[in-house]
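Reviewing the structure listed below.
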Amino acid sequence: MENKNDVEDVINKVSVLNCIDLSNPDIHQSVSLLKQACLDCGFFYVVNHGISQEFMDDVFAGSRKFFELPLTEKMKVLRNEKHRGYTPVLDELLDPDNQVHVGDYKEGYYIGIEVPEADADADKPFYGPNVWPSADVLPGWRETMEQFHQKALEIARAVARIIALALDLQADFFDKPTMLGHPIAVMRLLHYGGQISDPSKGIYGAGAHSDYGLITLLATDDVFGLQICKDKDAQPQVWEYIQPVKGAFVVNLGDMLERWSNCIFKSTLHRVLGNGQDRYSIAYFVEPSHDCLVECLPTCKSEKNPPKFPPIKCSTYLSQRYKDTHADLSVYKRSPT
């Protein structure tokens with residue numbers, strides 16, 4: 001555990017991020033801005049992405065309606081073995097070295113690409129049917145969330161094409177069937193319920209972590225909370241807030257892209273501090289298919305810079321990361337709902 005006397009959490013500094021305009025016809029400018037962001041801090045904004053503010057507001061309203069349900073109702077759609085459904089407060093523990101006593105003070109709801117039960121594959125842990133609240137309880141809710149999921153996937157693919165160009169690859173490199181042609185794309189509704197974080201006591205909305213996959217798209221309300229640490233090895237660590245921008249996605253790089261790029265692009269440590277206000281966000285995690293072999297890209301290695309990581313299958317990597325950070329489902333089977 002880190003020495004709290006040696007760590008100064010900077011809580012009043014706001015990081016300045018590059019902004020990628022997906023409607024910009026000058027692709028070279030977009031590539032340049034994105035590459036600079038990936039080399040600098042691994043976070044950037046995406047605007048003019050095609051989702052209207054009106055629809056975004058509808059999705060956030062739907063998220064609030066779900067989290068306002070009684071816990072007994074939410075537990076009816078508890079996360080299953082395919083990582084679909086509700087995750088209660090303290091279910092996830094992202095920073096065990098510092099979150100000594102409890103997990104994250106947030107609740108969530110996982111929604112993946114819909115796969116019928118008959119087509120589910122036991123060997124593919126992230127490939128199966130979603131878990132949905134009853135239409136009697138939340139009419140039209142499923143349809144709204146599915147529509148947002150589909151729109152967000154198209155945005156992710158557009159961003160991935162710019163990333164490919166920034167890595168001196170063909171623009172469609174990540175469009176392959178083994179990658180984003182058949183991705184593991186998981187949307188997660190998140191609610192931070194007003195708990196005040198205290199890093200000195202290991203209390204966080206979300207503990208410090210890096211994301212697992214290719215990229216993450218994050219939509220937030222206007223409540224501050226997300227922080228990044230550009231240099232995780234610095235002592236003391238310096239944390240900067242990311243300012244919410246209405247209508248924009250905050251995009252960050254995941255660990256798989258760090259492996260693919262041989263650490264040229266790095267996934268960045270980030271966390272969420274609660275300030276006593278309810279906070280809502282929607283994280284869209286984009287990973288390649290289960291069978292994708294993540295190995296150093298040809299443009300990111302040389303005799304002087306050999307691959308730093310061995311190849312690894314996407315599903316193997318993700319399964320271990322989820323197992324390390326989520327409560328075992330048997331905990332809930334032993335507990336009354």
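The values are calculated or read from the model by the stated rules, or taken from the named source; none is laboratory data. Here the structure is a predicted model, which means the values were calculated and not measured. Reconstructed Cβ throughout: ideal geometry from the backbone, glycine too, with neighbour counts over all protein chains shown. Quick note on the areas: whole protein, heavy atoms, side chains included, nothing else; ligands and nucleic acids left out. Shrake-Rupley method; radii C 1.70, N 1.55, O 1.52, S 1.80 Å.
A few remarks follow.
- Scanning region 321-337 for residues that are in a helix (DSSP H, G or I) and closer than 30 Å to K151 by Cβ yields a total of 3.
- Count of residues meeting criterion [touching a residue at least 24 places away in the same chain (Cβ under 8 Å) and closer than 27 Å to T144 by Cα] in region 20-56: 15
- Residue list for region 125-159, filter: open to solvent by less than 50 Å² (accessible area, probe 1.4 Å), within 17 Å of A248 (Cα to Cα) and of a type outside the set (A, V, I, L, M, F, W, C): H149, R157
- Residues of region 267-282 satisfying the condition of being touching a Leu at 6+ places or on another chain (Cβ under 9 Å), farther than 15 Å from S15 by Cβ and either of a type in the set (A, V, I, L, M) or at pLDDT below 95 (or both): S267, I282
- Residue match in region 262-273 (condition: among the aromatic types (F, W, Y), over 25 Å from N98 (Cα atoms) and outside any loop (DSSP other than H, G, I, E, B)): no
- Cβ-Cβ contacts under 8 Å between residues 6 or more apart (or on different chains), taken from a first residue in region 285-311 that is among the basic types (K, R) to a second residue that is assigned to a loop (DSSP other than H, G, I, E, B) and open to solvent by 60 Å² or more (accessible area, probe 1.4 Å), are listed as K301/P307.
- Long-range neighbours under 6 Å by Cβ, at least six apart or interchain, first residue touching a residue at least 12 places away in the same chain (Cβ under 8 Å) within region 227-245, second among the hydroxyl-bearing types (S, T, Y) and in a loop (DSSP other than H, G, I, E, B): I228/T268
- Residue among R321, R259 that is surrounded by 19 or more Cβ atoms within 10 Å (Cβ to Cβ), in contact with a helix residue (DSSP H, G or I) (Cβ under 9 Å, 6 or more places away or on another chain) and among the basic types (K, R): R259
- Here is the figure for region 165-205: residues that are surrounded by 19 or more Cβ atoms within 10 Å (Cβ to Cβ), small (G, A, S) and farther than 30 Å from D104 by Cα total 1.
- The selection criterion, being within 30 Å of P25 (Cβ to Cβ) and within 20 Å of the chain's Cα centre (by Cα), holds for A160.
- Any chance V59 is touching a residue at least 24 places away in the same chain (Cβ under 8 Å) and touching a Lys or Arg at 6+ places or on another chain (Cβ under 7 Å): no
- Region 226-258, residues that are at positive phi and at pLDDT 95 or above: none
- Against the test of being in a strand (DSSP E or B), in contact (Cβ under 8 Å) with a residue 12 or more places away in the chain and touching a helix residue (DSSP H, G or I) at 6+ places or on another chain (Cβ under 9 Å), the options L189, L165 yield a single qualifying residue, L189.
- For G207, the criteria (1) part of a strand (DSSP E or B); (2) at pLDDT 95 or above hold in every case but one, which is (2).
- The residues listed here are D221, D278; of these, the one that is touching a residue at least 40 places away in the same chain (Cβ under 8 Å), open to solvent by 20 Å² or more (accessible area, probe 1.4 Å), under 20 Å from the mean Cα position of the chain (by Cα) and farther than 24 Å from V159 by Cα is D278.
- Whether a residue is out of contact with any Pro (no Cβ under 9 Å at 6 or more places or on another chain) and at pLDDT 95 or above was assessed, and R321 does not pass this test.
- Residues (among the charged types (D, E, K, R) and within 21 Å of V115 (Cβ to Cβ)) located in region 156-186: R157, D175, K176
- Of all residues in region 281-318, those satisfying the criterion of being over 25 Å from the mean Cα position of the chain (by Cα) and surrounded by 12 or more Cβ atoms within 10 Å (Cβ to Cβ) are T299, K301, N305, P307.
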